[in-house]
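Below you'll find the structure, written out as structure tokens, and then a few comments.
Read the figures in this text as sums done on the coordinates, not as results from a lab. Please read all numbers here as calculations on a predicted model, not as lab measurements. A quick note on method: Cβ atoms are made from the backbone with ideal geometry, for glycine too, and the neighbour counts reach across all protein chains shown.
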Amino acid sequence: MPREISKTKDIASGLPRIAELFEARVPKDPAIISDIDGEVVFGGLHRGLRKITVSNGYESYDYFVPRGKQIMVMSGDKVNAGDPLTTGALVLHDILRIMGPEVLQKYLVNQVQEIYLLQGIDINDRHIELIVRQMLRKVRVVEPGDSDFLIGDRVDRIHFKSVNALLQAEGKKVASAKPTLMGLTLASLDTESFISAASFQETTKILASAAIEGQVDHLYGLKENVIIGKLIPAGTGMKTFKEKYLGTDESDLERQARIEEMQELQRIKEA
């Protein structure tokens with residue numbers, strides 16, 4: 001078999017795993033990982049499941065392992081939060097919940113790079129990091145505080161931080177949220193721009209919904225500006241974008257001025 005054909009075949013065999021990672025799917029045979037630092041204690045069998053307990057004196061977690069699944073720890077072993085207790089692929093949502101977004105970002109980049117490097121393909125990390133950033137750009141509201149958010153709302157991370165900055169500057173109670181992971185399909189559809197979302201999937205449904213709700217696309221993103229044929233908010237188009245964004249609403253300018261004033265006062269106090 002020619003070398004190029006063989007390489008293409010090898011790459012194709014690794015694509016399902018890449019799709020699984022980028023779509024944030026739960027693997028068919030997921031590994032069970034520890035939620036806390038602690039000591040492993042084996043329990044008895046319960047309905048064909050082996051009980052494993054991890055405790056540290058303050059809290060304990062029980063895990064039930066199906067018969068036939070290989071256990072990677074022994075009774076009495078010390079484990080850290082996030083360590084696998086059984087064989088299998090790690091669940092991305094578990095990594096995010098237990099170890100946080102930074103660890104998940106590194107895991108995703110390393111896993112994708114590993115698949116490509118096995119086929120002799122060298123990809124710069126920045127390209128994968130851009131995709132991972134989009135997968136983690138949303139947060140889920142846990143406590144709305146004095147904001148207009150509702151519990152369970154999924155909002156853009158940057159927008160959430162800006163709202164909290166305004167609330168803090170005004171002396172109000174800030175909102176709290178947890179990072180959330182979205183697959184690429186969901187991330188592409190869950191965007192403020194209906195033009196961007198409609199260009200990806202479910203075009204008729206998205207455009208009909210936008211028309212019924214009377215949505216307005218402010219063309220803040222890159223994709224929707226490319227579709228319309230306008231300058232993108234980058235490079236030479238950044239100046240136009242900033243003027244448009246800051247000039248549309250005077251209240252935004254006033255809030256920004258108050259934030260800068262409060263930050264300056266805070267710096268003076270700390271000095």
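Starting from the Cα gyration tensor of segment 38-88, take the square roots of the eigenvalues, sort them a ≥ b ≥ c, and report rounded, prolate or oblate (rounded when a/c is under 1.5, otherwise prolate if a/b is larger than b/c, else oblate). It would help to have the intermediate numbers written out before the result.
Values: a/c = 2.10, a/b = 1.39, b/c = 1.51.
Cα axes put segment 38-88 in the oblate bin.
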Output the antiparallel fraction of DSSP beta bridges having both residues in the chain, as a percent to the nearest 5.
95
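Calculated from DSSP H runs of 4 or more alone, at -39500 (n - 2.57) each and per residue, what is the 222 nm mean residue ellipticity of the chain, nearest 500? Don't jump to the answer; show the numbers that get you there.
On the way: 11 runs with 130 residues, N = 271.
After summing the helix terms and dividing by residue count, I get -15000 deg cm²/dmol.
Find how much the distance from Arg140 to Lys28 grows on full extension, using 0.36 nm per residue of separation minus their present alpha carbon separation; answer in nm with one decimal.
Working: separation 112, 0.36 × 112 = 40.32 nm, distance 2.62 nm.
Full extension from Arg140 to Lys28 adds 37.7 nm.
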Largest first, please: the extent of the C-alpha atoms of the chain along each principal axis, to the nearest Å.
66, 61, 44
Normalised contact order of the chain, rounded percent, pairs of Cα under 8 Å and 6 or more residues apart:
13
Segments 89-97, 123-131 sorted - mean Cβ within 10 Å per residue, highest first
89-97, 123-131
Virtual spin-label span in nm between Lys106 and Ile18, 7 Å along Cα→Cβ
2.4
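In debye, nearest 20: dipole of the chain around its Cα centre with unit charges on the Cβ of K, R (+) and D, E (-)? Mind dumping the intermediate values first?
Values: 35 positive and 39 negative charges, 171 e Å.
Result for the chain is approximately 820 debye, rounded to the nearest 20.
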For q = 0.18 Å⁻¹, what log10 I(q)/I(0) does segment 137-182 give under the Debye formula with an equal point scatterer on each alpha carbon and no solvent?
-0.44
Expressed as an acute angle from 0 to 90° and rounded to the nearest 10, what is the orientation of the C-alpha long axis of helix 3-22 relative to the principal long axis of the chain?
80
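I'd like the Kirkwood hydrodynamic radius of segment 118-209, using the inverse of the mean 1/r over distinct C-alpha pairs, in Å.
15.2
How high is the FRET efficiency from Asp77 to Leu265, r the C-beta distance, R0 41 Å, rounded to 0.05? Can you show the working numbers first?
Details: r = 53 Å, r/R0 = 1.30.
Efficiency for this residue pair is about 0.15.
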Quickly work out the Glu213-to-Lys51 label distance, labels modelled 7 Å from Cα along the C-beta direction, and quote it in nm with one decimal.
4.7
How long is the gain from Ile151 to Tyr58 if the chain were fully straight, where each residue apart is worth 0.36 nm and the alpha carbon distance is subtracted?
30.5 nm
Mind pulling the angle between the C-alpha long axis of helix 157-169 and the longest principal axis of the chain? Nearest 10 degrees, somewhere in 0 to 90.
60
